[in-house]
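Since every read-out is calculated from the coordinates, none of them should be taken as a lab result. Because the structure is predicted, anything quoted here is derived from the model rather than measured. Reconstructed Cβ throughout: ideal geometry from the backbone, glycine too, with neighbour counts over all protein chains shown.
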C-alpha cells in the first residue's frame, strides 16, 4: 500500500486486514516500514525481537540459515461481534540499515520475494504489506513481491503527485523487469467536508485507474484504535468499521 506519508497506509492495512478476517479470509500482515507503526498498532514492540523482517531479509542477503516460519506471529483481535485471528510479521528501526545492503547486492530488488518464497503463503487468502512512505529499495522490493497495490490518497493535492510518482515506478518495473503490477484502486482516505477534499475526489475520477467506491473519513476512531492496539472494529458504535467492511467487500468482489 505504498504512497506518500500520512495518508492512512497503516490504518488501512490493519483495518482492512481485520475486515477480511471477519469475512472468513485468512490474512497475513507484513510491516515493511522501519518506523514499525503497524507493529506498534498490533501491540508488538520488536526492539529485541530477533524474528522480525529485518533478520529475515538479512538471512537472505547473507545466505545464512534461518527458520523463516518463525517470523510469523499470531494475534487475536477483539471486535464488537467476535474475536478473529490474524497473522503478522513485525518490523523495527534496524530495517533501515537493511535498505542500504539491498543496494549493494546483485538482485537486491528481489530479496523480499525470495524471503516470501520461504513462507507458507498458500495458507493465506490475502497478504497485506504496509510500506514506508518514500521510494527506495525497500518499497521497490515490496512492489516486485506484490501482485497488486492499493494506493491511499488523502484530501491533499500532494497525494495526487505521490500517486503519479508511484505509478511511474510501477511502469518502470514493468518495462525493465517484465512484471505487471495491478493497481486494485485508489482509496480516498482521511476525507473531510472541505472543498479541497471534493476537488481531490473529482481529480481521482479523471485518472485512468480504478477508484474504490468506499472512502475513509477522517475520524478520531483511527487514532483511538491505534492507542488501544486494536482495530476500529473493537470500538462500539464506531463509523469506520463499516467503511472498512465495505472496502473489504469491494476488494473480494473485484478478485472474484
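Mean-square fluctuations from a GNM of the chain, with a 10 angstrom spring cutoff on Cα atoms, peak among 92, 37, 237 at 237. In this simple spin-label approximation, residue 203 and residue 227 carry label points 7 Å from Cα along the Cα→Cβ vector, and these lie 3.2 nm apart. Most mobile of 34, 120, 133 per a Gaussian network model of the chain (Cα springs, under 10 Å)? In this elastic network of the chain, the residue with the biggest mean-square fluctuation among 34, 120, 133 is 120. The distance between label points at residue 147 and residue 82 comes to 2.4 nm (points 7 Å beyond Cα on the Cα→Cβ vector).
Just to confirm my numbers, what's the Cα centroid distance between segment 214-230 and segment 39-114 in Å? Using only Cα atoms, the two centres lie 24 Å from each other.
In segment 1-152 the Cα-Cα distances spread across 5 Å bins starting at 0 as 2, 10, 20, 24, 22, 14, 6, 2, 1, 0 percent of all pairs.
What the Kirkwood sum gives for segment 111-246 is a hydrodynamic radius of 16.8 Å, with every pair of different alpha carbons counted. In segment 131-256, Cα pairs under 8 Å separated by at least six residues give a relative contact order of 21 percent. Its residues counted as N, the chain yields a C-alpha radius of gyration over 2.2 N^0.38 Å of 0.97. Going by neighbour counts of Cβ atoms within 10 Å, the residues 190, 228, 14, 110 line up, fewest first, as 228, 110, 190, 14. Considering only 148, 208, 21, the Gaussian network model of the chain with Cα springs below 10 Å gives its largest mean-square fluctuation to 208. For segment 170-256, the alpha-carbon coordinates run over 47, 31, 25 Å along the three principal axes, in decreasing order. Along Cα→Cβ, 7 Å out, is where each label goes; now give me the distance between the ones at residue 164 and residue 249 in nm to one decimal. It works out to 3.5 nm between the two label points.
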